[in-house]
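The values are calculated or read from the model by the stated rules, or taken from the named source; none is laboratory data. These figures come from a predicted structure and were not determined experimentally. Here the Cβ is made from the backbone with ideal geometry for all residues, glycine too, and neighbour counts use every protein chain on show. The area values use the complete protein model at the heavy-atom level, side chains included, leaving out ligands, DNA and RNA. Shrake-Rupley method; radii C 1.70, N 1.55, O 1.52, S 1.80 Å.
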Amino acid sequence: MRISSIALALLAVSGSVTSFAPNNVLLLPQRRFLSHLSMSENGSTLTRLPESAVELTLKIPGSATKAAYDKTCTELSKDLSIPGFRKGAKISPKVLEQNMAAKGGRNALKAQAINSLLENLIEPALKEEHGLDPIGQPALTIPADVLADDFVPGEPIDLVVKCDVWPDISWATVEGQEKPYIGLTGKYKRGPYDEAKFNKALTDLRERYAVLEPAGEDRELEMGDACRVNMVGYMAKEDGTKGDPLPNTASGDNVEVILGPGRYMEGLVEGLLGAKVGDERTVKVSFPVNLRDKTLAGKGAIFDVSIFEASIRSLPEVDDEFANKVRAGLSAQGLKDELQAAVDVEDAKQYAPARNAALGKSLSEIMDVEVPDTLVTNQAKENLL
């Protein structure tokens, strides 16, 4: 069976699955049981099934079934409240089973012991004995509550489990290449390089290194200049007059205002254009609708603004001197190259699905593999999210 959309996933095979849980509902809380359990007396047998599935028979000795059952009883005794027994006291298995049966949990202890055996033993059996990595959750072919009918602590039991495993991959023969997937290429469409985003990023960087020169007292503020002001704000009434004072967080002394579009609440910059040092302006503004302070969001306000300092801002040219300020030893061309690469990497994120699909298609043309149902199901879930 040839694949495309999940071919990339097959190259990411690793031992990342660290725990397994049987695909049956547990009647008791799951706990890690007895790390010393083993099947060294009997081992396990494995049968290969179609579509990269396997059936594993765990031959579990009596010593392990007894240890698992005893541990289940001990753990359950800590949690159950049974009349006549203080909580945490050691309770006989018979009493525990009777208590669970009265609550509708017939054979619950035995089923839990079986599930704990499976949880502890399937991973080493698959990985260590057979060198396989499972995908998804292994499932008993016969449910634990059914197996519990014939389960006897201290006697051996065979547990038959079915699960998907990472498949073997057969690679096409490519002349001169031992591993044909190295250097693999694919084709996909990308939009043109975003020159506007690059220019904005470069301008933002220059803004950070802007040079300020004092403006003359008679010079009117222009777009691009900076000034320092004291601001006292009031809520605006419906008739446009001053209302209640704004909280201190919305007013302030010695506030730097850079005259540029989109920097502050609407109306502030426009209200200061043409002002001079020593001027006092009454400026009407509108707070952004998405302001964090919802008591001010979208509301109108009036500010009394006193201008006590004005500066002419100039942006540095993009030359080697400027680049060296950004980072010692950096040239102007190196700065542009790095900035262009950063913009390109950011832009590339939106094309990642198309890129992966192209590589997946290329992979599918040089590989043959049986895809397990679990991988197909997981891929379908991802596509639906």
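Scan segment 342-355 and tell me whether some residue there is touching a Cys at 6+ places or on another chain (Cβ under 7 Å), of a type in the set (A, V, I, L, M) and over 30 Å from Glu55 (Cα atoms). No, segment 342-355 contains no residue that is touching a Cys at 6+ places or on another chain (Cβ under 7 Å), of a type in the set (A, V, I, L, M) and over 30 Å from Glu55 (Cα atoms). In the set (1) open to solvent by less than 30 Å² (accessible area, probe 1.4 Å); (2) touching a helix residue (DSSP H, G or I) at 6+ places or on another chain (Cβ under 8 Å); (3) under 14 Å from Ile60 (Cα atoms); (4) β-branched (Val, Ile, Thr), Val152 fails one condition alone, (1).
Any residue in segment 224-247 that's more than 23 Å from Pro261 (Cα to Cα): show its pairings with residues that are among the polar types (S, T, N, Q) and not in a loop (DSSP other than H, G, I, E, B) at Cβ separation under 6 Å, as long as the two are six or more apart or on different chains. Sorted first by the residue in segment 224-247, then by its partner, the list stays empty.
With farther than 20 Å from Leu58 by Cα and more than 33 Å from the chain's Cα centre (by Cα) as the only criterion, which of Val146, Val174, Val160 stands out? Selected residue: Val174, the only one of Val146, Val174, Val160 that is farther than 20 Å from Leu58 by Cα and more than 33 Å from the chain's Cα centre (by Cα). Within segment 180-208, the set of residues being touching a residue at least 60 places away in the same chain (Cβ under 8 Å) and either of a type in the set (A, V, I, L, M) or in a strand (DSSP E or B) (or both) comprises Leu184, Ala201, Leu202, Leu205.
Taking every residue in segment 158-179 that is open to solvent by 70 Å² or more (accessible area, probe 1.4 Å) and pairing it with any residue that is of a type in the set (Lys, Arg) and not in a loop (DSSP other than H, G, I, E, B), at least 6 positions away or on another chain, the pairs with Cβ-Cβ distances below 7 Å are Asp158/Lys59. Restricting attention to segment 188-197, and to residues there that are exposed (fewer than 10 other Cβ atoms within 10 Å of the Cβ) and of a type outside the set (A, V, I, L, M, F, W, C), which single residue is nearest to Ala357 (Cα to Cα)? By that ranking, first place goes to Lys189. From the list Ala125, Ala108, Ala201, the one residue that fits, being open to solvent by less than 20 Å² (accessible area, probe 1.4 Å) and in contact with a helix residue (DSSP H, G or I) (Cβ under 9 Å, 6 or more places away or on another chain), is Ala108. For segment 306-330, a residue qualifies if it is in contact with a helix residue (DSSP H, G or I) (Cβ under 9 Å, 6 or more places away or on another chain), closer than 14 Å to Glu207 by Cβ and part of a helix (DSSP H, G or I), and the qualifying residues are Phe322, Val326.
Residue check: Arg263 meets all listed conditions (1) under 30 Å from Val174 (Cβ atoms); (2) open to solvent by 20 Å² or more (accessible area, probe 1.4 Å); (3) touching a helix residue (DSSP H, G or I) at 6+ places or on another chain (Cβ under 7 Å); (4) not aromatic (Phe, Trp, Tyr) but one, namely (1).
Checked against the criterion of being open to solvent by 90 Å² or more (accessible area, probe 1.4 Å) and in contact (Cβ under 8 Å) with a residue 40 or more places away in the chain, the candidates Arg292, Arg313, Arg355, Arg327 yield just one match: Arg355. For Asp218, the criteria (1) open to solvent by less than 30 Å² (accessible area, probe 1.4 Å); (2) in a loop (DSSP other than H, G, I, E, B) hold in every case but one, which is (1). Within segment 242-262, if we keep just the residues that are touching a Gly at 6+ places or on another chain (Cβ under 6 Å) and among the small types (Gly, Ala, Ser), the residue that is modelled with the lowest pLDDT turns out to be Ala250. For the criterion of being free of Cβ contacts under 8 Å to residues at least 60 places away in the same chain and within 25 Å of Met223 (Cβ to Cβ), Asp319 passes.
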